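Right, one structure below, let's go through it.
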Amino acid sequence: MEAARWGSTVQEAATRRVIDIAGHARSLAELTGMLEHVLRADLPEAVESLIARIQDLSAVSTDFASLMDALPPMARVLRYGNVRKTDAAMVAPVVTGLTARVCAGLLPACGSLDDDAAADMRARIDAVQGALSALEREDLLAQWQEALARLGDSDLHDLVTGRAWRLLLDAGAVTPEQAGDRLALALSRGNDPARASAWLEGFLGGSGMVLIHDQRLLSIVDAWVTSLPR
């Protein structure tokens, strides 16, 4: 009875209700989460309205965290789509635009981070990395790796700079030798121990256990340890 005001059929009511919610939404996260459900429900008119609203909000949003949070679900839609491939294809320009904004804003957004904010940013960086890797779009990955390279060479919170170097290493964008040199610089004796440990934590992904399973990382850390004066 309550839903009847939205339409005389389930499909019509659902479509109009989604369009109404999209029109009043102020959060990208709310819209991107809804889009995945609407695609599975096969509501093409609602999909168009949602995508248009997402484009509008992402174009004017100054909340960088929300832009980063919006990218992974949008990339999943583009990667896995639905039975109507045309619906999923409509997401491609949104993903391209979001990626460009995230890459351009990553370095400024990582300025003046405290430890908690740096941990949150590292998690978002990992989420974007996973989303773009799954898409296998070389153009988007190239933009992202350029942004990571700028971050890795910056004098910002070492947790995120260390993470940037690890992701570049995993992607083959830097060599193990380059990563080893950067690790030695970050952990040099003249550096603040807290900053050095944060860089290593970011580089190892928060757990030294990774050294047991990744011979390449173990070799990099081992080379640094054995180079220390006795």
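The values are calculated or read from the model by the stated rules, or taken from the named source; none is laboratory data. Just so it is clear, the structure is predicted and the values come from calculations on it, not from any experiment. No Cβ is skipped: glycine too gets one built from the backbone with ideal geometry, and neighbour counts run over all protein chains shown. The area values use the complete protein model at the heavy-atom level, side chains included, leaving out ligands, DNA and RNA. Shrake-Rupley method; radii C 1.70, N 1.55, O 1.52, S 1.80 Å.
A few points about this structure:
- Residue in region 108-119 that is surrounded by the fewest Cβ atoms within 10 Å (Cβ to Cβ), counting only those that are in a helix (DSSP H, G or I) and charged (D, E, K, R): 116
- Residues of region 191-210 satisfying the condition of being open to solvent by 70 Å² or more (accessible area, probe 1.4 Å) and modelled with pLDDT of 80 or more: 192, 193, 195, 201
- For residue 213, the conditions (1) open to solvent by less than 40 Å² (accessible area, probe 1.4 Å); (2) modelled with pLDDT under 80 all hold with the exception of (1).
- Selected residue (only one of 42, 63 is of a type in the set (D, E, K, R) and farther than 22 Å from residue 140 by Cβ): 42
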